[in-house]
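Here the structure comes first, spelled out in structure tokens, and everything after it is commentary.
The values are calculated or read from the model by the stated rules, or taken from the named source; none is laboratory data. Here the structure is a predicted model, which means the values were calculated and not measured. Note that we place each Cβ from the backbone using ideal geometry, even for glycine, and neighbour counts take in every protein chain shown.
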Amino acid sequence: MSANIANFFRNTPSESLQAYFGAYPSNLSEAVNWNEPPKNIAAPLLKAVDDLNDEDFGQLNSNAERINEMTDEIGQTAFLSVITDKDFDAYQKLQNAHDRALYVFLRDQEAFRKAEEIRYTDHYRKSRMWGGFVGPKNITVSRDLLDIEGFKQRIAEYFRINGKIKIEIFDRKKPYGEDQELNIAQIMVYREGLPESYTALENDDLIAKTFRPVIEMALTYEPVSGQIEVIANTKEVREEVAKAFSGTLLQTEIEGETVPLKQYDIAKLLRPFDFPTDLDDGIESVKVTMLKLKPYENSNKVMLEVTASETRTIYDVSQDWFNTHDPLRNGFLLAQVKIVIKFMPDAESRRGKVVSVKISWPNGCDLKDKTEKERLIGDKYLKRWGILKEI
């Protein structure tokens, strides 16, 4: 049994599952009486999966995996950029994330694929695959075929390839700040990699088959700030792709200057800090759980850490352990801190979502902005607490 299929069947409303099998006919649908209560639908479907042939199983498993992947907050946010106005009311009335993902999957495969591309880009944003570059402001991304061919040519020259290259350009929105959105353009670059081979059975003989894998890169352009963001494997590739994009589709050559760094001031957290919050944001607690310190005269470090369930503050624990030799009071610099923010239970999380952020002085922060709560911490509270200073 595939975990993907089990997850899909158990979380999708029965009437939507019936619609799925209407679009993708299968013997599975004969295993259930669709007039039965919803709780009686998943079990017989799951039992019948074992009788599927390899081709039908493969298609069901692949579709289930794609639908499941789009049910997290990043995927659900991505759908808001592709849902048409005429479908929006119906979309909002659907029962859960699986229901919404399947609705788009069955209604518009092209829209679903674009949502997958948006999720891919937002998932890897601010990861090791991400790079941000300074570009020209308030430019319309060219859709002219000659400009697109020019972009392809520069990509081909950089990678020294003669394989196929496909470029897709579409407009979307990006969450920003508190209940705000920015209009951005997204550009997907697909190129053929070098040939690879695998062994297959054909007429009972082992043979080698060759294929060219597709390598994916993603860019976004934000006209208001001029920021170009690139998702690709290496720093050098990200910079060259950003230059090629700006020079052809924005008609402006750039130097590859990276976006200004954010600067973090964490020195105040050598002492207890109140972390003020607004009641409406549903934050239950904010706690420092790790402090990494270094002496002024060298690069050696010492780390203090407490569990999230520890009732005492990390400052109290340090004082109890070290007394007069407490490193928090004896000439150490704060090099890194971990802050754990716990939200009150809500519809998204019955136990209350926990967001942890690790900040290193002066420019390091592992907080992503994939979810609404992460953006709330990054865009509002790190500034309010005087920790974030943009430069």
Exercise for the section: Within the range 163-181, identify whether any single residue is closer than 24 Å to Ala64 by Cα, basic (Lys, Arg) and buried (at least 17 other Cβ atoms within 10 Å of the Cβ), and answer yes or no. Expected result: no
Handout entry: Failed item in (1) in a strand (DSSP E or B); (2) among the charged types (D, E, K, R); (3) modelled with pLDDT under 90, with Lys358 passing the rest
Key = (3)
Fill in the blank from the handout: Screening Phe343, Phe332 for residues that are more than 20 Å from Lys301 (Cβ to Cβ) and of a type in the set (Phe, Trp, Tyr) leaves only Phe343
Handout entry: Selected residue (only one of Asp99, Asp54 is out of contact with any strand residue (DSSP E or B) (no Cβ under 8 Å at 6 or more places or on another chain) and at pLDDT below 95)
Key = Asp54
Fill in the blank from the handout: Sole miss for Pro44 among (1) over 19 Å from Gln109 (Cβ atoms); (2) exposed (fewer than 13 other Cβ atoms within 10 Å of the Cβ) is condition (2)
Problem - Unmet criterion (only one of (1) more than 16 Å from Ser81 (Cα to Cα); (2) in contact (Cβ under 8 Å) with a residue 60 or more places away in the chain) for Lys93 - result: (2)
Problem - Residue selected from the range 133-146 under the condition farther than 15 Å from Met188 by Cα and either surrounded by fewer than 16 Cβ atoms within 10 Å (Cβ to Cβ) or modelled with pLDDT under 95 (or both), by the criterion farthest from the chain's Cα centre (by Cα) - result: Leu146
Practice task
From the list Thr210, Thr258, Thr248, pick out the single residue that is of a type in the set (Ser, Thr, Tyr) and under 15 Å from Ala185 (Cα atoms).
Solution key: Thr248
Problem - One residue from Leu261, Leu293, Leu201 being free of Cβ contacts under 8 Å to residues at least 40 places away in the same chain and among the aliphatic types (A, V, I, L, M) - result: Leu201
Exercise for the section: Please indicate, with yes or no, whether at least one residue in the range 349-368 is closer than 17 Å to Val286 by Cα and more than 21 Å from the chain's Cα centre (by Cα). Expected result: yes
Practice task
Can you tell me which residue among Lys389, Lys358, Lys338, Lys353 is surrounded by 17 or more Cβ atoms within 10 Å (Cβ to Cβ) and more than 15 Å from Phe275 (Cβ to Cβ)?
Solution key: Lys353
Problem - Index of the failed condition, Lys268 passing every other in (1) touching a Gly at 6+ places or on another chain (Cβ under 8 Å); (2) under 30 Å from Leu146 (Cβ atoms); (3) among the charged types (D, E, K, R) - result: (2)
Practice task
Mind listing just one residue for me: the one in the range 361-386 that is of a type in the set (Lys, Arg) and surrounded by 15 or more Cβ atoms within 10 Å (Cβ to Cβ) and, of those, nearest to Thr277 (Cα to Cα)?
Solution key: Lys380
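Residues are listed down the side, and each one gets a yes or a no for (1) modelled with pLDDT of 95 or more; (2) among the polar types (S, T, N, Q); (3) under 17 Å from Leu17 (Cα atoms):
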{"residue": "Ile74", "(1), (2), (3)": "no, no, no"}
{"residue": "Ile83", "(1), (2), (3)": "no, no, no"}
{"residue": "Gln92", "(1), (2), (3)": "no, yes, no"}
{"residue": "Gln95", "(1), (2), (3)": "no, yes, yes"}
{"residue": "Tyr103", "(1), (2), (3)": "yes, no, yes"}
{"residue": "Leu106", "(1), (2), (3)": "yes, no, yes"}
{"residue": "Ala115", "(1), (2), (3)": "yes, no, no"}
Problem - Wholly within the range 156-246, strands (runs of 3 or more DSSP E) carrying at least 2 residues that are over 18 Å from the mean Cα position of the chain (by Cα) and either of a type in the set (Val, Ile, Thr) or under 18 Å from Val134 (Cβ atoms) (or both) - result: 165-176, 205-211, 214-222
Exercise for the section: Consider Leu60 carefully, then state whether it is farther than 21 Å from Lys370 by Cα, surrounded by 19 or more Cβ atoms within 10 Å (Cβ to Cβ), under 26 Å from the mean Cα position of the chain (by Cα) and free of Cβ contacts under 8 Å to residues at least 60 places away in the same chain. Expected result: yes
